[in-house]
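The values are calculated or read from the model by the stated rules, or taken from the named source; none is laboratory data. All of these numbers come straight from a predicted model, not from anything done at the bench. Here the Cβ is made from the backbone with ideal geometry for all residues, glycine too, and neighbour counts use every protein chain on show.
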Amino acid sequence: MKAMILAAGYGERLWPLTADRTKPALPVLGKPLVGYVAEYLASFGITEILVNLHHHPDSVRRALGDGSQFGVQLEYIHEPVILGTSGALDNARVWLESDTFIVVNGKLITDLDLKAAIAEHRRREALATLVLRRNEKFERFSFVEVDDGLVSRFAGMPARDTWKSAAPPLMFTGIHIIEPRIFEYVPRGVFSDSVIDVYPQAMARGERIVGHTAEGMWHELSTLQRYLDISLALMRPRQMDVYRGANSSIDKQAEVREAILWDHVTVGPGARVCRSILGDGVTIKAGESIEGSVVVRAELVAGRSKPAKAMRGEVKGENFVVSLSQ
């Protein structure tokens, strides 16, 4: 069985960390985010993987290489323009159309049981199976209605104060198991979204779209705050409070806690860094204080416009600082 990792997105909400790389290429505790997805698939014996590319494609190629370090064999396919989740499948249909295949969003860290989902997919003879999970915290993810194990509707964002059911809503995890017959519903050569343009059309024609509810660890790193919070959560079992990338240094007189330091970061004497992310090559000078912020080198964003979905930042000396409290 083959798999496709979706890695073409811009990652606007993760800017400025994505100013020089795409979202799946972001390092998470020293490993590229998309590397976690590759290892996840490999743990279920799925090693033939295609990765779609668009924004800063070389950053993904550098992060993954040929895939051998993650136990997989990788191929890449370029999208001249962003094609969406099912448009990406159309672009790769020659590679995918011979057998059942897996599609996984490239911004996930998870251990959800894919083997169980595949078994249910086969038992229910589904056109597609979407791996779902319970949205216990009512986070900002659209919910999925399921009737007798089949997806009946894709809905909006659930509000806790108006939610009528005793059970929390179900949300889509970004993991699909799909039969090649899906290409009967995927439009050719245009942008299309699986949840908006493809699955509802298939359901209207009587196709079985299964909703498989799974339990386990699942993290989606789509915003700066989620990147920080999830990184810190992953560090706790290791009894780590600060992550230091390669060749990063913290002066003995500095105070650094709950922080992520990428490579070649320097924190000077008397400096204070708390609940923050410091990008490659950042220097925090003596006595400087950084709290609840994302910091990259100012030269990285010089002359570039802020993406529409990005948070505001300001230049402070040699650094560009985005406050997470805005």
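Do the conditions hold for residue 144, that is, is it assigned to a strand (DSSP E or B), surrounded by 18 or more Cβ atoms within 10 Å (Cβ to Cβ) and either hydrophobic (A, V, I, L, M, F, W, C) or not assigned by TED's automatic domain parsing to the domain that holds residue 11 (or both)? In short, yes.
Any residue at all in the stretch 91-102 that's part of a strand (DSSP E or B), under 22 Å from residue 194 (Cα atoms) and modelled with pLDDT of 95 or more? So far as the stretch 91-102 goes, yes, one or more of its residues are part of a strand (DSSP E or B), under 22 Å from residue 194 (Cα atoms) and modelled with pLDDT of 95 or more. Looking only at the stretch 147-170, count every residue that is part of a loop (DSSP other than H, G, I, E, B) and either touching a residue at least 12 places away in the same chain (Cβ under 8 Å) or closer than 30 Å to residue 97 by Cα (or both) and tell me the total. The number of residues fulfilling the criteria is 11.
The requirement of being assigned to a loop (DSSP other than H, G, I, E, B) and among the basic types (Lys, Arg) is satisfied by residue 137. Against the definition (surrounded by 16 or more Cβ atoms within 10 Å (Cβ to Cβ), assigned by TED's automatic domain parsing to the domain that holds residue 27 and not charged (D, E, K, R)), how does residue 104 come out, yes or no? The answer is yes for residue 104.
In the stretch 207-238, which residues are under 25 Å from residue 195 (Cβ atoms), in contact with a His (Cβ under 9 Å, 6 or more places away or on another chain) and outside the structural domain of residue 168 (by TED's automatic domain parsing)? Of everything in the stretch 207-238, those that are under 25 Å from residue 195 (Cβ atoms), in contact with a His (Cβ under 9 Å, 6 or more places away or on another chain) and outside the structural domain of residue 168 (by TED's automatic domain parsing) turn out to be 226, 230.
Could we say that residue 269 is in a helix (DSSP H, G or I) and surrounded by fewer than 19 Cβ atoms within 10 Å (Cβ to Cβ) here? It is false that residue 269 is in a helix (DSSP H, G or I) and surrounded by fewer than 19 Cβ atoms within 10 Å (Cβ to Cβ).
Yes/no matrix, rows are residues, columns are (1) closer than 19 Å to residue 174 by Cα; (2) not in a helix (DSSP H, G or I):
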residue: 195; (1), (2): yes, no
residue: 202; (1), (2): yes, no
residue: 207; (1), (2): no, yes
residue: 219; (1), (2): yes, yes
residue: 222; (1), (2): yes, yes
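From the list 149, 71, the one residue that fits, being on the phi > 0 side of the Ramachandran plot and loosely packed, with under 15 Cβ neighbours inside 10 Å, is 71.
Name the residue, out of 53, 89, 96, that is in contact (Cβ under 8 Å) with a residue 60 or more places away in the chain and under 19 Å from the mean Cα position of the chain (by Cα). After applying the criteria, what remains is 89.
Annotation: of all residues in the stretch 20-64 being part of a strand (DSSP E or B) and out of contact with any Asp or Glu (no Cβ under 9 Å at 6 or more places or on another chain), the one that is surrounded by the most Cβ atoms within 10 Å (Cβ to Cβ) is 32.
Go over the candidates 173, 129 one by one and state the one that is touching a Lys or Arg at 6+ places or on another chain (Cβ under 6 Å), buried (at least 17 other Cβ atoms within 10 Å of the Cβ) and outside any loop (DSSP other than H, G, I, E, B). Full working, then the answer.
On the way: 129 fails: touching a Lys or Arg at 6+ places or on another chain (Cβ under 6 Å).
Only one candidate passes the filter, namely 173.
In the stretch 154-165, which residue that is more than 24 Å from the chain's Cα centre (by Cα) and loosely packed, with under 12 Cβ neighbours inside 10 Å is farthest from residue 198 (Cα to Cα)? Among them, the one singled out is 161.
Looking at residue 137, is it modelled with pLDDT under 95 and either under 29 Å from residue 11 (Cβ atoms) or in contact with a Ser or Thr (Cβ under 6 Å, 6 or more places away or on another chain) (or both)? Criteria met by residue 137.
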